[in-house]
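Below is one structure, written out as structure tokens; the observations come after it.
The values are calculated or read from the model by the stated rules, or taken from the named source; none is laboratory data. Keep in mind that what you see is a predicted model, and the values were worked out from it rather than measured. Every residue, glycine as well, gets a Cβ built from its backbone with ideal geometry; the counts of neighbours run over all protein chains shown. Side chains included, ligands, DNA and RNA excluded: accessible areas come from the protein's heavy atoms. Shrake-Rupley method; radii C 1.70, N 1.55, O 1.52, S 1.80 Å.
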Amino acid sequence: MGYIYVVRHGQADSLGKNYDQLTELGHEQARLLGEYFLQFRIEFDFIASGTLNRQIQTLKGAIDPSVNKGHCMAKPETFSDLNEFDPQLWIHIANEIRKEDPEFAKQLERYKVLQSAGRESSREIFMKLIQRILGEWVEGIHTEPYSFEDYHDKVLNILNHIPKDASSVLLVTSSTPVAVIAGHSIGLAKRDYLPLMRWISNTSLSVYQWEGGKISPITINSFPHIENPDQMSLL
């Protein structure tokens, strides 16, 4: 029996030109998580992240405090199974929806203007747009460039990469894979994953018991390393 620790990446630069990098807050969130692992001497014999920069940066911040103290940490590996869905997917689905829904099209254009100007208000609009997009994707209304079923199975394939004798596993990923793993662990129907996707916090920690290739949840979307509410974020 072992344990799997699943972490969402820290806050990414959604108001900048390159989303795939952590903000100053995102780096701080990762550092705090690393200090938490160090404080409680949580060590890992299998460590992996997706291939995205924001995931790799978060992983580094989360293990550096322990590595710098000489504690036992496996060499990190990267797997695309843990990547967030491709930005082209949501752009494709958004363009399909806008053809049929003038109000959605209007809000999409408003989001683009505000985001390019670095306006904080673009975050709220994005959350509304992405919920509609993800909802239709999960329901199977849109299956191009790939279906939610295929993406779901790809994420869960990460479990096949974990050595059978691993006792403590760290996986750093993004909000949708975190929700997929959580939903799978509690037996949710796939259409019920959407609320989970919405509320996965940056550097949140979900812990599972791992035995016989199966996972059972201990805690989902917790943040024991965050004491100040100003250090929390969803985007």
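For K164, the lysines whose Cα falls under 18 Å of its own Cα, not counting residues fewer than eight places away in the same chain, are K75, K214.
In terms of its Cα atoms, the chain spans 56, 36, 26 Å along the principal axes, sorted from long to short. Exposed loop sites are taken as GluC sites (Glu not before Pro) in a DSSP loop (any state but H, G, I, E or B) with at most 11 other beta carbon atoms within 10 Å; the longest stretch of the chain without one runs 1-119. For the chain, averaging the sequence separation of C-alpha pairs within contact (under 8 Å, six or more residues apart) and dividing by the residue count gives a relative contact order of 32 percent. In the chain, taking the dipole from charged Cβ atoms about the Cα centre, the farthest positive-side position among W210, S168, L52 is held by L52.
State the percentage of accessible surface on the chain attributable to carbon and sulfur atoms; use a 1.4 Å probe and exclude ligands, DNA and RNA.
The value for the chain is 50 percent carbon and sulfur by accessible area.
The value for segment 21-124 of Rg(Cα) / (2.2 N^0.38 Å) is 1.47.
Cα extents for segment 162-216 along the principal axes, largest to smallest and rounded to whole angstrom: 33, 24, 12. Note on K69: aspartates and glutamates with a C-alpha under 17 Å away, same-chain residues under 8 apart excluded, are E35, E43, D45. Charge dipole (Cα centre; +1 on Lys/Arg Cβ, -1 on Asp/Glu Cβ; no other charges) of the chain amounts to roughly 240 debye.
Per residue, the accessible area of segment 61-107 comes to 56 Å² when a 1.4 Å probe rolls over the protein heavy atoms. Under a model in which nothing but the beta-carbon of Lys, Arg (+1) and Asp, Glu (-1) is charged, segment 1-66 shows a dipole of about 120 debye around its Cα centre.
Once you compute Rg and the Kirkwood Rh from C-alpha atoms, what is the Rg to Rh ratio for segment 123-183?
Ratio value, two decimals: 1.07.
Annotation: amide H-H contacts under 5 Å for S222 (H modelled 1.01 Å from N, sequence separation of 5 or more, or interchain): L205, S206.
For segment 137-203, the relative contact order is 30 percent, taking Cα pairs closer than 8 Å that sit 6 or more residues apart in sequence and dividing their mean separation by the residue count.
Taking 0.36 nm per intervening residue step and subtracting the Cα-Cα distance, what contour gain separates N157 from V113 on full extension?
Numbers: separation 44, 0.36 × 44 = 15.84 nm, distance 3.78 nm.
Extending this stretch completely gives an extra 12.1 nm.
For the chain, adding -39500 (n - 2.57) for each run of n ≥ 4 DSSP H residues and dividing by the number of residues yields -14000 deg cm²/dmol at 222 nm.
In the P(r) worked out for segment 1-76, what percent of Cα pairs fall beyond 20 Å? Mind dumping the intermediate values first?
Working: 828 of 2850 pairs.
That fraction is 29 percent.
Ranked from largest, the principal axis spans of the Cα set of segment 103-210 equal 52, 29, 21 Å.
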